[in-house]
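The values are calculated or read from the model by the stated rules, or taken from the named source; none is laboratory data. Everything numeric here is computed off the predicted structure, so don't read it as measured data. As a convention, Cβ positions derive from the backbone with ideal geometry for all residues, glycine included, and neighbour counts pool all protein chains shown. The area values use the complete protein model at the heavy-atom level, side chains included, leaving out ligands, DNA and RNA. Shrake-Rupley method; radii C 1.70, N 1.55, O 1.52, S 1.80 Å.
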Amino acid sequence: MIRYLYGAELRSYPALRDAMHRDRATQFHDRLGWNVNVDENGGECDAYDGLNPLYVIWEPAPGVHGGSMRFLPMDGRTMVTDHFAGLLDCTIDSPLIWECTRFCLAPDATVKVAGILMLAGGELMRGHGLTHLLGVFDARMIRIYNAIGAAPQVLGSSGTGRDRISVGLWPYRPTDRLRVLRRAGVSSDVSELWFRRAFGRPVTPPLVA
Amino acid sequence: METRTTPRSCLAALEAADTLTELQECAIKLRTALGVDHLVYHWISVDGEQFGFGTYAPAWAQRYQDRDYIRIDPVVLGCFQRFRPVDWKSLDWSSRAARDLRRDALAHGIGNQGFSIPIRGPNGQFALFTVSSTCTDPEWDDFTGTHQRDLILVAHVLNDKALQLRQGRSPQPTIQLSPREVDALTFLAMGYARSQAAEILKISEHTLRSYIESARLKLGALNTDHAVARALTEGLIVSGGAIRDAKGDWPGRSVAQTTDPATALAGNH
């Protein structure tokens, strides 16, 4: 299932939390060779994990991490404003834009998992009235985003080759949802249920007679 | 010709407002435009005070403060841990204290539904913007789904206005704690053990201690408890406890203070 969990809530899911940090270490430290902190348990963690961000985690079986990403609203402290402001022409401080970082897939994850995470990102925008998501990603992720039909609008990049890091925007488009659901292989009802479990209200408000 | 007041048109009026009275007038117009029972902005203790405006009866605002409800209010606790809007019915109301608060709020006409938006400003400033009403769950879901974007924007404009108003009133705190020092002391003030606070902040207990220690030195405190107490009185951190005796500001408050809370409730029994 897709879990939407705040940092403070992750305490209740230690196996899932640790698996996520381990897979992040595998992806960002081992595979991409980024200069990130890996702790003594082999998990990758940074300062933004301490800001009580919202995590979206794909949990294919209890305690198993299939893929995840992390959100912080742009009107507060974010990785983009701290480190990548130079890549942007303007400051972005809208409460209706959330930053998405540490988009991570488990080593054995299929491209479908990326589709499931994109679905969750769309549900967050729809359910919380956001206008955009803002992401920081590397060149490889752009290929994955293109493959699942969710190409971001790139605002700026730095570096070259596989070290190239970009900042991009995904606008909220209501018409994308059906296509994203189909690609993720998840029904609308199931996605609604996961969202409601986390936030206590529906992602689509029911019509009142 | 009649011009219809919409949340968007109220937003323009809000941008132009620069006194508490004008903000209060905007709040009342906005309530009408949205068709809700209440609309409230509530800034919690950046300098040991509660500050707010909105359509709650002054008697309820006063009672909330007198009863120190802020310490147990699931809405405040829930919003403090989140950055997206919170529907009241998604919160945990199971504790006795929370059930009593809910009953009391219903008796004061706050409504059975609520939607609160947490807002964070500079230096750990924390405020809530709330709309509440009486209706069914599907009606409320429809309302919040339709208006949440406007509500979030209104919340942020209100907070900017409140920050501007406060700047004219009170000097900036002379002691500046770092965000991590604020975090560490805030969790201690909320009653968390060091180990729990370290876990929540995802730092080692050793690192947490170093933040507490640096905060203690800045505050000129003798020990951790002293540092927490000083940070609260200086208004450097947020916690319910500091607020009780502080001088808040709320339109109509002076009237409410002369009203006995018991008589204010009497009509509902």
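State whether one or more residues within region A:109-126 are open to solvent by 60 Å² or more (accessible area, probe 1.4 Å), away from chain B (no Cβ under 14 Å) and not polar (S, T, N, Q).
Checking region A:109-126: at least one residue is open to solvent by 60 Å² or more (accessible area, probe 1.4 Å), away from chain B (no Cβ under 14 Å) and not polar (S, T, N, Q).
Among the numbered criteria (1) of a type in the set (A, V, I, L, M, F, W, C); (2) modelled with pLDDT of 85 or more; (3) closer than 21 Å to residue A:78 by Cβ, which one does residue A:113 miss?
It is condition (3) that residue A:113 fails.
If you take the residues in region B:145-169 that are within 16 Å of residue B:83 (Cα to Cα) and touching a strand residue (DSSP E or B) at 6+ places or on another chain (Cβ under 9 Å), which one is surrounded by the fewest Cβ atoms within 10 Å (Cβ to Cβ)?
Checking each candidate, the answer is B:156.
Considering region A:88-108 alone, what residues qualify as being open to solvent by 40 Å² or more (accessible area, probe 1.4 Å) and away from chain B (no Cβ under 11 Å)?
Once the filter is applied, which keeps residues that are open to solvent by 40 Å² or more (accessible area, probe 1.4 Å) and away from chain B (no Cβ under 11 Å), region A:88-108 yields A:89, A:90, A:91, A:107, A:108.
Take region A:148-194 and flag every residue that is closer than 19 Å to residue A:130 by Cα and among the charged types (D, E, K, R).
Residues satisfying the conditions are A:173, A:176, A:177, A:192.
Kindly indicate which of A:15, A:19, A:85 is open to solvent by 40 Å² or more (accessible area, probe 1.4 Å), closer than 25 Å to residue B:197 by Cα and either without any contact (Cβ under 8 Å) to a residue 12 or more places away in the chain or more than 14 Å from chain B (Cβ to nearest Cβ) (or both).
Of A:15, A:19, A:85, the one residue that is open to solvent by 40 Å² or more (accessible area, probe 1.4 Å), closer than 25 Å to residue B:197 by Cα and either without any contact (Cβ under 8 Å) to a residue 12 or more places away in the chain or more than 14 Å from chain B (Cβ to nearest Cβ) (or both) is A:15.
Looking only at region A:53-64, decide whether some residue is more than 14 Å from chain B (Cβ to nearest Cβ), in contact (Cβ under 8 Å) with a residue 12 or more places away in the chain, under 30 Å from residue A:160 (Cβ atoms) and not hydrophobic (A, V, I, L, M, F, W, C).
Within region A:53-64, none of the residues are more than 14 Å from chain B (Cβ to nearest Cβ), in contact (Cβ under 8 Å) with a residue 12 or more places away in the chain, under 30 Å from residue A:160 (Cβ atoms) and not hydrophobic (A, V, I, L, M, F, W, C).
Starting from region B:84-108, take each residue that is more than 10 Å from chain A (Cβ to nearest Cβ) and list its partners that are assigned to a helix (DSSP H, G or I) and exposed (fewer than 13 other Cβ atoms within 10 Å of the Cβ), counting only C-beta distances under 7 angstrom and pairs at least six apart or across chains.
B:93/B:99
Can residue A:64 be described as open to solvent by 60 Å² or more (accessible area, probe 1.4 Å) and aliphatic (A, V, I, L, M)?
The answer is yes for residue A:64.
Out of the helices (runs of 4 or more DSSP H) lying entirely within region B:192-237, which hold 1 or more residues that are modelled with pLDDT under 80 and open to solvent by 80 Å² or more (accessible area, probe 1.4 Å)?
Where helices (runs of 4 or more DSSP H) fall fully within region B:192-237 and carry at least 1 residues being modelled with pLDDT under 80 and open to solvent by 80 Å² or more (accessible area, probe 1.4 Å), they are B:224-233.
Within region A:100-122, count every residue that is within 22 Å of residue A:200 (Cα to Cα) and in contact with a strand residue (DSSP E or B) (Cβ under 8 Å, 6 or more places away or on another chain).
Number of matching residues: 5.
Need the failing condition index for residue A:189 against (1) without any contact (Cβ under 8 Å) to a residue 24 or more places away in the chain; (2) within 16 Å of the chain's Cα centre (by Cα), just the number.
Of the numbered conditions (1) without any contact (Cβ under 8 Å) to a residue 24 or more places away in the chain; (2) within 16 Å of the chain's Cα centre (by Cα), the odd one out for residue A:189 is (2).
Residue B:184: more than 8 Å from every other protein chain (Cβ to nearest Cβ) and over 21 Å from residue B:22 (Cβ atoms), yes or no?
yes
Only one of (1) over 23 Å from residue A:54 (Cα atoms); (2) surrounded by 13 or more Cβ atoms within 10 Å (Cβ to Cβ); (3) β-branched (Val, Ile, Thr) is not met by residue A:175, so which one is it?
Here residue A:175 clears every test but (2).
Taking the conditions exactly as written (surrounded by 20 or more Cβ atoms within 10 Å (Cβ to Cβ) and in the same structural domain as residue B:162 (by TED's automatic domain parsing)), does residue B:57 satisfy them or not?
Taking the combined requirement at face value, the residue does not satisfy it.
Please find, among A:129, A:185, A:159, A:149, the residue that is on the phi > 0 side of the Ramachandran plot and within 14 Å of another protein chain (Cβ to nearest Cβ).
The unique qualifying residue is A:129.
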